[in-house]
Structures are given as C-alpha cells and as structure tokens.
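For reference, the structure is listed below as structure tokens.
Please treat every number below as a calculation from the coordinates, not as lab data. Only a predicted model underlies this, so the values are computations on that prediction, with no experimental measurement involved. In this analysis, Cβ positions are derived from the backbone assuming ideal geometry, glycine residues included, and neighbour counts consider all displayed protein chains.
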Amino acid sequence: MQRRNTAQRLRVLGAIEALGHTTSEELIAYMSKNNSNVSLATIYRSLSTMIEDGQVRKLKLGDSLIYELVKEKHYHFVCLGCKSIYDVKQNDAINIPKELKDFQVEDCDLTFFGYCKNCKKI
Ligand SMILES: [Zn+2]
Ligand SMILES: [Zn+2]
C-alpha cells in the first residue's frame, strides 16, 4: 500500500532531489536555510519512511552516510580531494566472482575513489 505523501515529506524529498547526494547534516542545513520549517524529528522520520517505501536510499560512501533518491541503478565515484560524489552509469555487467558461483547474487554496489577532473594531480 502506498502511503500518503505528507507536505513535509514532499519537502524533504524535494531537498534531497535538489542536493543530489546528501548527508543528514547537509539536508538539515539546507532545509533550515530554506525556511522549510520542518523539525529534525520530522526530517528523520520522513527519511526512514521514504527508505522503507523505496523512494530514498541510504548508502555508505567512504566515511559518510549518504541519502539519495532511488533512480536508475548506478555506481559512485567519490573524490578524495573535493569530496564530490559523482554518479557513474552502470553499463557493463559485473563479472561475478568465482567464489559466488553457487550463490544467488541479487545486488552489487561499487564505489570508486580517487581524484576528479578538477582535483587530479598533473
Ligand atoms: Zn574533486
Ligand atoms: Zn548516486
């Protein structure tokens, strides 16, 4: 059953969409800057409901917990310089490691770490 989107939930959703990838701290800062008038408790409650409903996913990239909208499956690149997070299109199927050949693999998450175009050392 699809739960009703409350106005506050929609505001949290809109903020995540605007930020792309966000930590909860960034989300809270963004929402208070935009006078969203949504309490911390509501933000956290909305986040966990949206995760349950499959609208938002929470992922661990390096040391940070990131929230993003659920969209097409993709990988991430995390820049060690500016800390930007880039979405990476997933076009090739991953070779499943031999050790897993008798397993039923459902998902795979891949994160690349390095330096983006702007931070790359010449
Ligand atoms: Zn960078
Ligand atoms: Zn992403």
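One table, with the values for the structure above:
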{"item": "Residue count, segment 73-88 (criterion: more than 15 Å from Gly20 (Cα to Cα) and more than 9 Å from ligand 1 (Cβ to nearest atom))", "result": "0"}
{"item": "Residue in segment 30-53 that is in a loop (DSSP other than H, G, I, E, B) and either among the charged types (D, E, K, R) or touching a strand residue (DSSP E or B) at 6+ places or on another chain (Cβ under 9 Å) (or both) present", "result": "yes"}
{"item": "Tally of residues being surrounded by 10 or more Cβ atoms within 10 Å (Cβ to Cβ), in contact with a Phe, Trp or Tyr (Cβ under 9 Å, 6 or more places away or on another chain) and of a type outside the set (A, V, I, L, M, F, W, C) across segment 56-112", "result": "12"}
{"item": "Val12 more than 16 Å from ligand 1 (Cβ to nearest atom), surrounded by 18 or more Cβ atoms within 10 Å (Cβ to Cβ) and either part of a helix (DSSP H, G or I) or not aliphatic (A, V, I, L, M) (or both)", "result": "yes"}
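This table checks each residue for (1) assigned to a strand (DSSP E or B); (2) closer than 16 Å to Leu110 by Cα.
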{"site": "Lys60", "(1), (2)": "yes, yes"}
{"site": "Glu72", "(1), (2)": "no, yes"}
{"site": "Val78", "(1), (2)": "yes, yes"}
{"site": "Cys82", "(1), (2)": "no, no"}
{"site": "Asp87", "(1), (2)": "yes, yes"}
